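The values are calculated or read from the model by the stated rules, or taken from the named source; none is laboratory data. As the structure is a computational prediction, the values presented were derived from the model and not from experiment. Positions of Cβ are generated from backbone atoms using ideal geometry, with glycine treated the same way; all protein chains shown enter the neighbour counts. For the accessible areas, the whole protein counts, side chains as well, though only heavy atoms, and no ligand, DNA or RNA atoms are used. Shrake-Rupley method; radii C 1.70, N 1.55, O 1.52, S 1.80 Å.
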Amino acid sequence: MMQGEKTHRMPAASITFLLVRDPVAGHTVVPLIPGERVTLGRAPTNQVVLHDEQASRFHAEIFPAAAGWSIRDLESRNGTLIGGEILSASADRVLAPGDTVAIGRVEILVCDGDPPSESTGQAAVLGGTATDEVPAELEAWSASITHRRAKSRLLDDIREAAGTAPRVGRAAAELCRLAFSLGRAHDLKAVASLALESAAEGAGATRGVVLLPETIEERTPAGRRAASSLEKTVAMPADWSPTALPPGVIAAVLGTDEAVLASTEVSGGGRLASISAPVRLGGHAVGVLHLEVDAAQHEATPDDLEFVMAVCDALGLAIDNLAAREILSSRLARSADENEQLRRRLGEESRMIGSSAGLRNIVGQIERVAATRATVLIRGESGAGKELVARAIHEASDRRTAPFVCMNCAALSETLLESELFGHEKGAFTGATDRKAGKFEAAHKGTLFLDEIGEMSPAIQAKFLRVLEGHPFERVGGSTRVQVDVRVVAATNRHLEEAVAAGDFRRDLYFRLKVVEILVPPLRKRPEDIETLATHFLKRFATETGRRVRGFTPDALEAMQAYHWPGNIRELRNCVERAVVLSQDEWLDVHELALSGLSSAGDTGRHGTGRQTPFTPTTLDEMERKHVLATLEAVGGNKTKAATILGIERSTLDRKMARWAR
């Protein structure tokens, strides 16, 4: 029923066809061919492609049935409506001429008769049945047209229009008022009402109607100056008499994309003028605004035609904005829902699980320190959950709505670490093609968590200390001073006191970081939490993978309790995940956990080989050196593998080796 309406080849005989009203693609006539199915959906392989986000890729199908034609919903996401009622996914529905199928904003009318051709257009289809135009009436109406316009001058150049349109000043003021009113409207019916009221007032109309793909709205002014007293009624096209809506007016306006001014004689010797203008969306006519003007009260002029066209263009923009606002609102709601799901998932992953005395002590410390601005130093072995403690401090503080930014100081070289922390300006170094904000700027008003703080070089330590003390900093290669409000939580598994004594870590920075110190005990010191943590990880990975795993065997639980867990909670998590993925049983046994034979940092030696040697006193640094070298030898000198086994970064291993080589 729209301009450029697409039709398929079909025989001249009366057949059943679909009239698809798609707000995006326009209107399409699709014949129903006996013995062939018609599928509807967003996928391009459908016979009827629906341009609506609420439509599924393969949404529904229409197929031949004993009673004629039936429709079936293909288990779509948002369902299919027929006459306002939801179509059951488990039952087919017989279609009859006049039925309206709604999928999102797309309407599919079931019609029976002669399909409209490109020349007959929308006005030929009423109540689901195709009818022929009355050539004499259409010819009479066409002969009554006195003026045609394809574009209004009022929206092009107001100064040029002012020289030719006597009423342009009042028209411009009315269009300005209309624009503000349309901007405040929130639905299609409201914008149509405002546009019709403005057009009827400006053109002195006694009766008018707005026909849009989803609404028809009629207003009857009590008088030219009494727009506020309009009485609104809502009517369908079939309820209009030929005198109220001239035959062929819809097809003519939509087909030519032109506004027309016509004048006809009425009974009693009077004359009635009509103004019909297209409502455009995306440059294409999709609706019609039709007005009737009593010549006894007002003589319609080309200026009135110009004004009505300008109103229609403003209405089209308002409808387009409403559609964009609806899409944006839907996307924002979807994004908010996704963010909430991610926040819940992150909260689940960040939840501290266990009931041991050590964990209760940590929770108590978090509650006391979270409300303050104090810098926190978290100490513990690799994999013990230091980042989890830092995130819990952030979530319990008044900074919880601001960013929580993580940074591993051992993962980057000195130059890259400085750039990551403080940012850099364009051209500061090779590859710096744009200005980049650092982690401190990213964490403004929030919390910055710095892991492996002991691996920070002395040069970076000095700049970092100034920021900790509240001084502004400069990006690498820049001179602009940047001031941030960031709470720093640092973590390390090194003995910082030894690093200070060796001159590898600044003494003043050490005391500045150690305002509040939280010690995270290793998992072997919290045996009562092992089963709780293992069960938590099992449920999580069973849900993610879809495996039917019910729990651990008694032998597996006993083995986990006896194991020393050199990799702490990280190792436990990985062991359970691997077991869930590879297991074919409902209960996980010892062999599926694949526990390693590594010793842990601080291990007492109860998992030794059994052959005792005389104890030789030595320093911790020497013991660490011997252990690292032995591990390297065991893996054939593969530093990456050795670092993984030792639970440290490869860069940390390289620095240790370089220090021992001096």
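Would you check which residues across the range 70-101 are in a strand (DSSP E or B), under 22 Å from residue 52 (Cβ atoms) and of a type outside the set (D, E, K, R) and list them? Result: 71, 81, 82, 86, 95, 100, 101.
A search for C-beta distances below 7 Å between a residue of the range 389-417 that is among the aliphatic types (A, V, I, L, M) and any residue that is open to solvent by 60 Å² or more (accessible area, probe 1.4 Å), counting only pairs 6+ apart in sequence or on different chains, returns 396/367; 402/445; 410/649; 411/649. Taking the range 394-420 as the range and being crowded, with 20+ Cβ neighbours inside 10 Å and among the aliphatic types (A, V, I, L, M) as the test, the residues that pass are 407, 410, 417.
For (1) buried (at least 22 other Cβ atoms within 10 Å of the Cβ); (2) among the β-branched types (Val, Ile, Thr); (3) modelled with pLDDT under 90; (4) in contact with a strand residue (DSSP E or B) (Cβ under 7 Å, 6 or more places away or on another chain), each residue gets a yes or a no:
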residue	(1), (2), (3), (4)
422	yes, no, no, yes
432	no, no, yes, yes
436	no, no, yes, yes
440	yes, no, no, yes
451	yes, no, no, yes
464	yes, no, no, no
472	no, no, no, yes
479	no, no, yes, no
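Every test in (1) among the acidic types (Asp, Glu); (2) closer than 30 Å to residue 372 by Cα; (3) in a loop (DSSP other than H, G, I, E, B) is passed by residue 434 save one, and that test is (2).
Out of the range 500-541, which residues are of a type in the set (A, V, I, L, M, F, W, C) and buried (at least 18 other Cβ atoms within 10 Å of the Cβ)?
From the range 500-541, those of a type in the set (A, V, I, L, M, F, W, C) are 500-502, 505, 509, 511, 513, 515-516, 518-520, 523, 530, 533-534, 537-538, 541; that's our starting set.
Result: 505, 509, 513, 518, 520, 523, 530, 533, 534, 537, 538, 541.
Considering each residue of the range 550-598, count those that are under 27 Å from residue 380 (Cβ atoms), free of Cβ contacts under 8 Å to residues at least 60 places away in the same chain, part of a loop (DSSP other than H, G, I, E, B) and open to solvent by less than 60 Å² (accessible area, probe 1.4 Å), and give that number. Of the residues in the range 550-598, 6 are under 27 Å from residue 380 (Cβ atoms), free of Cβ contacts under 8 Å to residues at least 60 places away in the same chain, part of a loop (DSSP other than H, G, I, E, B) and open to solvent by less than 60 Å² (accessible area, probe 1.4 Å). If the requirement is being in a loop (DSSP other than H, G, I, E, B) and among the β-branched types (Val, Ile, Thr), which of these qualifies: 39, 16, 28, 45? Testing whether each residue is in a loop (DSSP other than H, G, I, E, B) and among the β-branched types (Val, Ile, Thr) leaves just 45. Scanning the range 499-549 for residues that are among the acidic types (Asp, Glu), in contact (Cβ under 8 Å) with a residue 40 or more places away in the chain and touching a Leu at 6+ places or on another chain (Cβ under 7 Å) turns up 508, 517, 529. Selection over the range 484-523 of residues that are of a type in the set (Gly, Ala, Ser), outside any loop (DSSP other than H, G, I, E, B) and farther than 26 Å from residue 364 by Cβ gives a count of 2. Taken over the range 271-300, residues that are open to solvent by 30 Å² or more (accessible area, probe 1.4 Å) and touching a residue at least 12 places away in the same chain (Cβ under 8 Å) amount to 11. The residue that is nearest to residue 334 (Cα to Cα), counting only those in the range 49-69 that are open to solvent by less than 10 Å² (accessible area, probe 1.4 Å) and either assigned to a strand (DSSP E or B) or hydroxyl-bearing (Ser, Thr, Tyr) (or both), is 60. Taking the criterion of being open to solvent by less than 20 Å² (accessible area, probe 1.4 Å), in contact with a strand residue (DSSP E or B) (Cβ under 6 Å, 6 or more places away or on another chain), among the hydrophobic types (A, V, I, L, M, F, W, C) and outside any helix (DSSP H, G or I), the residues of the range 360-387 that qualify are 376, 377, 378. Here residue 354 clears all of (1) open to solvent by less than 40 Å² (accessible area, probe 1.4 Å); (2) touching a Ser or Thr at 6+ places or on another chain (Cβ under 6 Å); (3) more than 23 Å from residue 537 (Cα to Cα) except the condition numbered (3).
Residues that are open to solvent by less than 20 Å² (accessible area, probe 1.4 Å) and part of a helix (DSSP H, G or I) were ranked within the range 453-462; the one that is farthest from residue 371 (Cα to Cα) is 460.
Among the residues of the range 307-340, the one identified as in contact with a strand residue (DSSP E or B) (Cβ under 8 Å, 6 or more places away or on another chain), open to solvent by 30 Å² or more (accessible area, probe 1.4 Å) and in contact (Cβ under 8 Å) with a residue 60 or more places away in the chain is 313. All but one of (1) within 29 Å of residue 380 (Cβ to Cβ); (2) out of contact with any strand residue (DSSP E or B) (no Cβ under 8 Å at 6 or more places or on another chain); (3) polar (S, T, N, Q) hold for residue 545; state the number of the condition that does not hold. Here residue 545 meets the rest and fails (1).
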